[in-house]
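Novice: First the structure, then my questions, so here it is.
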Amino acid sequence: MKRSTFLLGAAALTLTACAGAPPTPTLGPDGKPLPKVYRIRSTDTGRIQFRMLDAINALRQASGAPALELNARLNAAAATHARDMSVQNRPWHFGSDGSSPITRIQRAGYSGRLVGEAISETYETELETLGAWMEAPNTRTVILDASAREMGFSWFQEPNGKIWWNLVLGAPDEIGFTPVNAPS
């Protein structure tokens, strides 16, 4: 009886020690843990876009700016530029054909005004990327700009996991546009 209790106790202790050990992270040449690849499936598009929209609207609400709505044309312009940044292998605001963010939203059929654009090249999630954008004064200003009413958000993920994020904010034409909180 004592022997079986001892064996059961030893087995339980061994299992606890094995289960409780966290996995050892893979370290890069700088000694820091390598990032985990955030894989995006084609079925994740709506979930990711609305999670970003909700997060940005929470930040805008806290700053007193009106909420944004997703715009399909701005999404298309963002998707085109995200893929183009990957082709160019550099995050910047100009397309491989020399196009500007204004030109790209016009090509996508958006008739409003460009408020601004935020871009990123990373392996991080959309919310981690938003956090980095909010730490940079220039992109924070764009995201919280009270004149913006519409948002386009997209990305391109390379096979190695690198993600090229693109956020475009716009303001619809003033003709026929009624602000969300305007009296009727």
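Novice: Starting from segment 41-54, keep only residues that are under 14 Å from Glu69 (Cβ atoms) and without any contact (Cβ under 8 Å) to a residue 12 or more places away in the chain, then list their pairs with residues that are aromatic (Phe, Trp, Tyr) and part of a helix (DSSP H, G or I) whose Cβ atoms are within a distance under 9 Å, requiring at least 6 positions of separation or different chains.
Specialist: Every condition considered, no pair remains.
Novice: Follow-up question, since we're still on this one. For segment 129-167, which residues satisfy the criterion of being open to solvent by 10 Å² or more (accessible area, probe 1.4 Å) and closer than 14 Å to Ala65 by Cα?
Specialist: Within segment 129-167, Arg140, Thr141, Val142, Leu144, Asp145, Ala146, Ser147, Arg149, Glu150 qualify.
Novice: So, one more: Anything in segment 122-157 that is within 14 Å of Ser63 (Cα to Cα), assigned to a helix (DSSP H, G or I) and in contact (Cβ under 8 Å) with a residue 12 or more places away in the chain? List them, or say none.
Specialist: Met134, Thr141, Val142, Ile143, Leu144 - these are the residues of segment 122-157 that are within 14 Å of Ser63 (Cα to Cα), assigned to a helix (DSSP H, G or I) and in contact (Cβ under 8 Å) with a residue 12 or more places away in the chain.
Novice: Quick check, is Leu59 open to solvent by 50 Å² or more (accessible area, probe 1.4 Å) and part of a helix (DSSP H, G or I)?
Specialist: When the stated conditions are applied, Leu59 passes them.
Novice: Cβ contacts < 8 Å: first residue in contact (Cβ under 8 Å) with a residue 60 or more places away in the chain and on the phi < 0 side of the Ramachandran plot, restricted to segment 55-66; second residue open to solvent by 60 Å² or more (accessible area, probe 1.4 Å) and not in a helix (DSSP H, G or I), any location; separation 6+ or different chain. Result?
Specialist: Taking only residues 6 or more apart or on different chains, the pairs are Pro66/Val180; Pro66/Asn181.
Novice: When you check Leu53 against the structure, is it modelled with pLDDT under 75 and either open to solvent by 50 Å² or more (accessible area, probe 1.4 Å) or part of a helix (DSSP H, G or I) (or both), yes or no?
Specialist: Considered against the rule, which asks whether it is modelled with pLDDT under 75 and either open to solvent by 50 Å² or more (accessible area, probe 1.4 Å) or part of a helix (DSSP H, G or I) (or both), Leu53 comes out as no.
Novice: Open to solvent by 30 Å² or more (accessible area, probe 1.4 Å), among the polar types (S, T, N, Q) and at pLDDT below 95, is that true of Thr80?
Specialist: Criteria not met by Thr80.
Novice: Moving on to the next point. Please list, ordered by first then second residue, the pairs with beta carbon atoms under 6 Å, 6 or more apart or interchain, first in segment 76-89 and closer than 15 Å to Gly152 by Cβ, second open to solvent by 50 Å² or more (accessible area, probe 1.4 Å).
Specialist: Asp84/Ser96; Met85/Pro91
Novice: Oh, and also: Looking only at segment 90-109, count how many residues are open to solvent by less than 20 Å² (accessible area, probe 1.4 Å) and either of a type in the set (S, T, N, Q) or over 23 Å from Glu158 (Cα atoms) (or both).
Specialist: Counting residues in segment 90-109 that are open to solvent by less than 20 Å² (accessible area, probe 1.4 Å) and either of a type in the set (S, T, N, Q) or over 23 Å from Glu158 (Cα atoms) (or both) gives 2.
Novice: Scan Gly46, Gly31 and give me the residue that is open to solvent by less than 90 Å² (accessible area, probe 1.4 Å), over 23 Å from Pro137 (Cα atoms), outside any loop (DSSP other than H, G, I, E, B) and modelled with pLDDT under 95.
Specialist: After applying the criteria, what remains is Gly46.
Novice: Looking at the structure I just gave you, is Ile119 in contact (Cβ under 8 Å) with a residue 60 or more places away in the chain, under 22 Å from Leu68 (Cβ atoms), open to solvent by less than 40 Å² (accessible area, probe 1.4 Å) and not in a loop (DSSP other than H, G, I, E, B)?
Specialist: Spelling it out, it is not the case that Ile119 is in contact (Cβ under 8 Å) with a residue 60 or more places away in the chain, under 22 Å from Leu68 (Cβ atoms), open to solvent by less than 40 Å² (accessible area, probe 1.4 Å) and not in a loop (DSSP other than H, G, I, E, B).
Novice: Kindly list the number of the only condition in (1) aliphatic (A, V, I, L, M); (2) within 23 Å of Pro159 (Cβ to Cβ); (3) modelled with pLDDT of 95 or more that fails for Val37.
Specialist: Checking Val37 against (1) aliphatic (A, V, I, L, M); (2) within 23 Å of Pro159 (Cβ to Cβ); (3) modelled with pLDDT of 95 or more, the one that fails is (3).
Novice: Would you mind finding the one in Glu124, Glu174 that is within 20 Å of Ala79 (Cβ to Cβ) and modelled with pLDDT under 95?
Specialist: Checking each option against the conditions leaves just Glu124.
The values are calculated or read from the model by the stated rules, or taken from the named source; none is laboratory data. None of the values given here were measured: they were computed from a predicted structure. Heads up, the Cβs are rebuilt from the backbone with ideal geometry, glycines too, and the neighbour counts pull from every protein chain shown. Side chains are part of the model used for accessible areas, which takes the heavy atoms of the whole protein and leaves out ligands, DNA and RNA. Shrake-Rupley method; radii C 1.70, N 1.55, O 1.52, S 1.80 Å.
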